[in-house]
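The values are calculated or read from the model by the stated rules, or taken from the named source; none is laboratory data. These numbers were taken from a predicted model, which means no experiment stands behind them. Virtual Cβ from ideal backbone geometry, glycine too; neighbours counted across all protein chains shown. SASA here: full protein model, heavy atoms, side chains in, ligands and nucleic acids out. Shrake-Rupley method; radii C 1.70, N 1.55, O 1.52, S 1.80 Å.
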Amino acid sequence: MFSFQDQFFFATSKAHFDAQVELITTLAIKAVEGMEKVVELNMSATKALLDEYTASSKQLASAKDPQELPSLAAAQTQPNAEKAVAYGRQLADILTSTQSEFAKAAEMQMAETGRKVSTLVDEISKNAPAGSENVIALMKTVVGKANAGYEQMTKSTKQAVEAIESNMHTAAAQLTHAAEKTTRSAKRQ
């Protein structure tokens, strides 16, 4: 027969292992979904780039006068810069979305694991031998502190993600502004 400690260790180890397998599986699925979106974005961007390259090459080749070339090239600068900024925003949105899905999956898994461990501790406390009240109280305290630490970590992670998202949007806005400046400069020349 197993001792009380052995039973508790086995139950918590199994619950932890199951939770880890489920979390890793969920995160792997989310990662593959994110990669699919990035590949799809890159494929559509590549197709559009090839089409635009063909059209602009034909347009430049059809120029009747060499003095037309700079104005034709300048006319293409703004749309190309805008497309690059749009691509960057779409990529940032995909990455942000994927990261958010990771955070949600981890948060849900941690909450579920916390509930399972709390239930396990409660179940063990019902079947615990006399005189183990202090051990049960200690286990409940440990579980409570672990849950509180997790909640603080989750809040900090969310704040970091919000800061990253804000910085990405600021960078995209600055890139748009720089592209517009470059286009205006190219048009003046």
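Over the chain, dividing the summed -39,500 (n - 2.57) contributions of all DSSP H runs of at least 4 residues by the number of residues returns a 222 nm mean residue ellipticity of -35000 deg cm²/dmol.
Once the 1.4 Å probe is applied to the protein heavy atoms, the stretch 93-189 comes out at 69 Å² accessible per residue. Other residues with beta-carbon under 15 Å from the beta-carbon of residue 87 carry, at +1 per Lys or Arg and -1 per Asp or Glu, a net charge of -1. What does the C-alpha gyration tensor say about the overall shape of the stretch 93-189? Classify as rounded when a/c is under 1.5, otherwise prolate if a/b is larger than b/c, or oblate. Prolate.
Charge tally for residue 123 (other residues, Cβ to Cβ under 15 Å; Lys, Arg +1; Asp, Glu -1): +4. Only protein heavy atoms count here; under a 1.4 Å probe, residue 110 has an accessible surface of about 70 Å². Which entries in 47/104; 30/116; 37/104; 104/126; 30/181 show an alpha-carbon gap greater than 30 Å? Flagged as over cut-off: 47/104; 104/126; 30/181.
One chain, two ends: residue 32 and residue 82. Fully extended at 0.36 nm per residue, the span grows by 15.1 nm beyond their Cα-Cα distance. How would you classify the stretch 59-144 from its alpha-carbon gyration tensor, with a ≥ b ≥ c the square roots of the eigenvalues: rounded for a/c under 1.5, else prolate if a/b is greater than b/c, otherwise oblate? Cα axes put the stretch 59-144 in the prolate bin.
For residue 150, the accessible surface of its heavy atoms amounts to roughly 40 Å² (probe 1.4 Å, protein chains only, rounded to the nearest 10). Carbon and sulfur atoms: what percent of the 1.4 Å accessible area of the chain do they account for? The C+S portion of the solvent-accessible surface of the chain is 63 percent. Centre-to-centre separation between the Cα atoms of the stretch 119-161 and those of the stretch 77-105: 39 Å. Among 42, 127, 167, the largest mean-square fluctuation in a Gaussian network model of the chain (Cα springs under 10 Å) belongs to 127. Computed on the chain, the Cα convex hull volume stands at 99 Å³ per residue.
The shape of the stretch 117-174 can be summarised by an equivalent ellipsoid whose semi-axes, obtained from the alpha carbon gyration tensor, come to 44, 9, 4 Å from longest to shortest.
Residue 112 sits among other residues whose Cβ lies under 12 Å from its own Cβ, and their net charge, with Lys and Arg +1 and Asp and Glu -1, is -1.
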